[in-house]
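The values are calculated or read from the model by the stated rules, or taken from the named source; none is laboratory data. Keep in mind it's a predicted model, so treat the numbers as computed, not measured. Virtual Cβ from ideal backbone geometry, glycine too; neighbours counted across all protein chains shown.
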Amino acid sequence: MGLTRREIRDATLAGRVVESMALAEQLSGCLTRREAKLLAVLPYLDVRGEILEIGAFQGKCSIILAKSALAAGVDRTYACDPLLPLSSTLPVEARVSEVNLPQVLHQNLAAHGVADVVEFYRMKSSELARSWNRPLKCLWIDGDHRHSGISADVQIFSRFLVPGAVICVQGVLRKCGGPTRVFAEQIVMSESYGDCGVCGSVGWAQYIGDDVVVQQQWEQKVALYRRLCRLVPHLVLSEKKIRENKVALKLLGSLVPRSEINPVTWLNERNAAYRPTIDGRILPVRPVLSGESRCAV
């Protein structure tokens with residue numbers, strides 16, 4: 001008896017996760033092994049739509065997304081970045097000097113065989129927004145880490161999300177206050193998103209469109225929001241170089257659930273909530289919530 005479609009998918013997904021975690025250690029960039037595991041799963045979402053990455057830097061996330069996309073049967077991903085080496089919009093650890101970022105990015109994509117998969121736009125996300133008109137099933141935001149910049153990215157590009165899509169914000173538990181504030185206020189507390197959580201330092205949420213957030217989801221969303229909000233004052237003071245309380249940041253950050261995901265379980269839960277129909281419409285399927293916290297992923 002042959003393998004089912006899901007068994008084949010799970011087998012390829014397992015391989016992609018292992019390679020993605022290895023790439024997370026090999027390539028330059030801030031993505032950790034834990035976060036790479038989440039990134040590798042995203043192209044396997046059943047809903048139709050494009051995969052867009054805002055903030056490519058040297059291509060670490062672009063490579064992982066593209067390789068997983070190919071394994072999932074998706075032949076194209078999109079990324080945009082102005083590639084400014086000393087940009088003040090980047091977290092301090094990502095700023096580099098005397099590096100030809102466009103050349104490094106192209107070399108990295110080519111070296112990993114995905115130069116023809118990633119459609120790259122060397123421009124700010126605000127410039128890309130003027131012409132972007134494609135539906136999205138995955139939106140990965142790791143560009144301008146200032147509050148104003150990341151808030152604009154969420155507002156502009158979230159309107160292209162299809163029900164069942166997943167939005168991810170990188171840097172939620174790092175020293176920049178922007179990602180934490182925007183993720184907590186504009187995503188976790190939004191009625192447009194259902195299940196949500198933090199994996200490593202990546203905040204994620206599933207877009208539900210006009211569907212209704214159920215009571216248990218609201219309880220979990222509010223619990224996550226409260227824990228994230230405790231970090232905000234300390235992050236802002238640290239970001240503005242007024243005062244840094246490392247002990248408080250470490251303690252409060254440890255209270256935010258951010259454990260590793262089980263790739264197959266996480267993907268099945270996301271795909272179970274929304275099913276594409278033959279004519280391309282997305283129909284919500286009311287999930288039966290388990291006892292374990294959906295937000296603590």
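Take Ile167 and decide whether it is in contact with a Cys (Cβ under 7 Å, 6 or more places away or on another chain), at pLDDT 95 or above and among the β-branched types (Val, Ile, Thr). In short, no. Based on what the data block shows, is Leu251 in contact with a helix residue (DSSP H, G or I) (Cβ under 9 Å, 6 or more places away or on another chain) and part of a helix (DSSP H, G or I)? Answer is no for this residue. Only one of the listed residues (Ala56, Ala40, Ala36, Ala24) is assigned to a loop (DSSP other than H, G, I, E, B), of a type in the set (A, V, I, L, M), surrounded by 19 or more Cβ atoms within 10 Å (Cβ to Cβ) and within 17 Å of the chain's Cα centre (by Cα). That residue is Ala56.
If I filter the range 111-123 for residues that are part of a loop (DSSP other than H, G, I, E, B), at pLDDT below 95 and in contact with a Ser or Thr (Cβ under 8 Å, 6 or more places away or on another chain), do I get at least one hit? No; the residues of the range 111-123 include none that is part of a loop (DSSP other than H, G, I, E, B), at pLDDT below 95 and in contact with a Ser or Thr (Cβ under 8 Å, 6 or more places away or on another chain).
Examine the range 163-175 for a residue that is over 20 Å from Gly253 (Cα atoms), within 15 Å of the chain's Cα centre (by Cα), of a type in the set (Gly, Ala, Ser) and part of a strand (DSSP E or B), and state whether such a residue exists. Yes: one or more hits.
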